[in-house]
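Worksheet for the structure shown next.
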Amino acid sequence: MKKRRILIIDDEEDIRTVTALTLETVAEWDVVIAINGKDGIQRARQEQPDAILLDVMMPEMDGPTTFRNLQAIAETRHIPVLLLTAKVQAVDQQRFADLGVAGVLFKPFDPLTLADQIAGVLGWNE
Amino acid sequence: MLQDPGLFWFIALWILAQILFILVSVFSLRAAMRLALTEQELSESVQLQRSILDSAGAMIVAADVRGRIIIFNPAAERMLGYRADEVVERLRPDELFPDGEMERIGRQLIGSIQRAQSLPGDAPEPVRSFLQYVSSFPSTRVRGFEMNYRRKDGSIFPAMVYLSAIRSREGSITGLVSVSTDLSATKRAEQALRESEERYRDLFENSAEMIATLSPRGRYLYVNPAWQSHFGMTADQFESLMSFESAFSLEVQAEAAVLFRQALLGMKVEAAPLRLHTRDGGTVEVEASMSCRRESGSPVSVRCIFRDVTERNRRERRLRMQLQVSQIIGESSTAQMAVPQILAALCSTLGSDVSNFWVIDEATNWLKLQSSWAPQGRASEEFRAESASRRFHRGEGLPGMVWARGEPHWVSDLRTDPHFVRGHSARLNGLMSGWAVPIRVGNQVIAVMEFFSRHRMREDAEITATVETICASIGQFLARSSQESRVVALNQQKEFILNSVADAIFGVTPDGMIDFVNPAASRLLGVEAPVLIGKRAHAVLHGPLGSEICGEDCRTRLALQTLTPTMGQDIYLQRDGRRLPVEFSVMPMLEENAVVGSVLSFRDNSQRYALDRMKDEFVSTVSHELRTPLTSIRGSLGLLSAGLLGELNEKASSLLRIAVTNSDRLIRLINDILDLERMQSGRATLNLRRLSIRELAQQAMESMQPLAENSGVTLTLEAEEDVWIDGDPDRLQQVTTNLLSNAIKFSPPQAQVRLRIHCLPGQAQLSVVDEGRGIPADKLESIFDRFQQVDASDSRQKGGTGLGLAICRTIVEQHGGRIWAEQNELHGATLHVLLPVTHEMKLTAGPGNGFRNAEPPTTPSELPAGTRITPEEKHLEA
């Protein structure tokens, strides 16, 4: 089975590090990192990851905007996007549901089960 | 010249003789002439006497000294029935009288003279006594007396007899003559007069009217018994009075004197009203009629007739007082207006000098003078001033005593009564007596009325009864008036409240028209109240078309149409078209169980919206800002403790496990706080579905199975039957797992945790029974409060947040259910959850469903059912 490649877009360096390490260590996926939305879009076009783990609260271009941009680009439109967010309010959840993302995962996460959750949402386990 | 003395003496004697001769001749001539004249006169005189005798109306009978009747005139013939020739020189005088009459009278006559004179002739008795009698006084005198005659037919009649003597030329008695007049008519008249007088006297003496006769100078000549008894004085006492008016009391003396003078002057005094104050303290009202009897134009006496009209006046007065008081009451709107008029009316009608009105002050329980009245011109200032300065407790003073006893009380002498404390000022103003009467409402005394008089008054049951009757209507009026003033005060208070509340208030008629607007409502909508009155409430709030900002299900319109108690949130239009988020309430107005309209109140909710937004943002930010660093921490610790980044020694692994556990606890705490805040603020609403209790229990059992196995605890489901209920599956799942997790955590190894399901009518009960350490009785309730655990160290040892049961209770109550804990027979604890099968708590409140907060249509609602994304905290719970 081909090794999964996943793009992490997050403005927090610590989060990027821990998430990347988690997925690399626990799931042994290839991890590509982007430090903001703009960077993320570029990486996505270049790297063509199997999935994108997208933070919501980012300066300049936030998660939803980044997602809409990714959807607007033909090369990235097909890549499933999961939001990884600390925003757990009902009002936020409604907003995310309306975006049309593949799924939403919440921070903080359990590093031992994060990959399973992603795979579960994306149907990679089947 | 003549020298011879002899000659001288001769001549002298001769002259003297001549003179004597002439003198004698002259005298003789004169005598002869006079004699001739006397005889002629005598014959004329006899003729005259005869005609007098014949024509005299009086009976003239004469007798000579021998007792023979010599004259018997025609009048005597008529009166006695004899002819003169039958009597003269035939009958004896005593035969003209009844037997013994002359002897009787003769004895009296003899007895009346000093000494009898010797009489010529041989007149026999009884004529002799009469002769002696007439001879005792000069012939010029005539004496008269009464005696009875006997007629020829034997009948007897009284006569007045005048006797005189017949004397000779020499003056000796030659007989007597009697002139008699018949007294029969006079006697009859006298008798009639006497009888009439007796009748009158009888009438006067027994008359109920007071009768007195006075001399023109005002001395009392006669007072009848009625007069005496009314004045309380004897006839002697009246006789000693020097004037008519001095029998009266000082106040009426002048009045009485005027009446007397008027009568004396011949003016008509008829039924003049006069008030008598009797010596024993009574008051008698009379109508005085007085007349003066005159003779020859001069007043002889004044007759006074007083008619006692006290009773009649009382009746009239009672009626008048009742009429006056009811008129005053009818025309007055307040007690303050009515009371002085009532006092004035009663005071003047009762003839009192001062009247006071005391009211019981409810706050201080004191009697205070509310009003006082006195007729003008009568000193009463000191007494009224002292009354005004006084306060009486129950039982104190005259009004206090009447208050305490609840019945009228009379003080006949204010100066000596020990209970009467205002005696000094009463004395200053000359007040003598007084009385007071309570004014009641039902059995409760609310006021006291006092009346004072300058006269000594005795208790008068009739007046008391009259005034008590009047007081009853005054009491009712006062009660009504105080209720009315209370209503006015209440209305003012209500108006003040309505005007000062920040909430807008509409009064709405049953057909939806505005009939009341408070200032806040016109302020909030920016429309003046008069413009709003009479407009359709819904059109004012939601625009003339209504549909502009609301639909079929407009709750404000429905509430006003159906007159159903409703609370909710809505958007109303202001005059300038701006939309005002409001929280509104519609309450039907009931009057005697009939709906007469509704009250719509609403308040500006925009500030609350802003606050809610700020709070949401804050919670969201805090949540986000806490979670972000925790993500790094928890992730790093998780990777390290799993040994994925290299093996660690035992101590390091142990420390990392502690760090992981505590960061998990911290995350749970943040989640729980957010959960609770959302639910209790009402923003986390239920996502209701029809669900099976058994299924719910099974799912919870499954999710808790790993924890139970780790703890060596057996989970058992005891469900005899299944129930479908309306509920939010996620939330109820949260409750069930929480209860199971607690039970497992507090159970010793090898213990059993049972999950029981009971079906009750309309309800389903879930019970989690453990064999753990149990819950002390005093903590059975408090464990549902935030951060309240059986043991303060539990949260640290068991990894709980202290919010689990508080969240459970909130969720259960949101479902309309109940959660409680009890000790069980296994020495453990049982937690029960009772849920209604049908969920009555709708997301939007319908008619007849009581009050219920509803989300405003502009607020973003919850996720549509079925699309809700499960919060991630579940991943960390197990």
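Tabulated results
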quantity: Qualifying chymotrypsin sites (Phe, Trp or Tyr not before Pro) in the stretch B:241-327, DSSP loop, other Cβ atoms within 10 Å at most 13; calculated: none
quantity: Charged-residue dipole, Cβ positions (Lys, Arg, Asp, Glu), chain B about Cα centre, Debye nearest 20; calculated: 2800
quantity: Mean residue ellipticity (222 nm) of chain B, computed from DSSP H runs ≥ 4 via -39,500 (n - 2.57), nearest 500; calculated: -14500 deg cm²/dmol
quantity: Cross-link pairs B:LYS651/B:LYS779; A:LYS3/A:LYS107; A:LYS3/B:LYS651; B:LYS187/B:LYS268 - those with Cα-Cα distance over 31 Å; calculated: B:LYS651/B:LYS779; A:LYS3/B:LYS651; B:LYS187/B:LYS268
quantity: Helix runs (DSSP H) in chain B reaching 20 Å along axis by Cα, Kyte-Doolittle at least 0.5; calculated: B:5-55, B:250-264, B:335-350
quantity: Per-residue average of Cβ from other chains inside 10 Å of A:114-120; calculated: 1
quantity: Gyration tensor verdict on chain B (Cα atoms; rounded if a/c is under 1.5, prolate if a/b is larger than b/c, oblate otherwise); calculated: prolate
quantity: Cα gyration tensor shape for chain A, rounded if a/c is under 1.5, else prolate or oblate; calculated: rounded
quantity: FRET E, pair A:ASP116, B:ASP576, Förster distance 60 Å, beta-carbon r, rounded to 0.05; calculated: 0.55
quantity: Calculated FRET value between B:GLN680 and B:GLN492, using beta carbons and R₀ = 51 Å, to 0.05; calculated: 0.80
quantity: Percentage relative contact order, the stretch B:172-308, counting C-alpha pairs under 8 Å, at least six apart; calculated: 21
quantity: Set of lysines with alpha-carbon distance to B:LYS615 below 18 Å, sequence-local pairs under 8 removed; calculated: A:LYS87
quantity: Set of lysines near B:LYS745 by C-alpha distance (under 16 Å), chain-local residues within fewer than 8 positions excluded; calculated: B:LYS798
quantity: Peptides B:599-606, B:40-47 ordered by average Cβ neighbours within 10 Å, highest first; calculated: B:599-606, B:40-47
quantity: Sparsely packed GluC sites (Glu not before Pro) within the stretch B:74-159, loop by DSSP, other Cβ within 10 Å at most 16; calculated: B:GLU89
quantity: Filtered trypsin sites (Lys or Arg not before Pro), the stretch B:245-293: DSSP coil and at most 15 other beta carbons within 10 Å; calculated: B:LYS268, B:ARG279
quantity: Label-point separation in nm, B:LEU655 to B:SER243, each point 7 Å along Cα→Cβ; calculated: 13.3
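Laboratory data are not the source of any read-out in this text; all were calculated from the coordinates shown. Fair warning: this is a prediction, and the values are worked out from it, not measured in the lab. Positions of Cβ are backbone-derived with ideal geometry, glycine not excepted, and every protein chain shown enters the neighbour counts.
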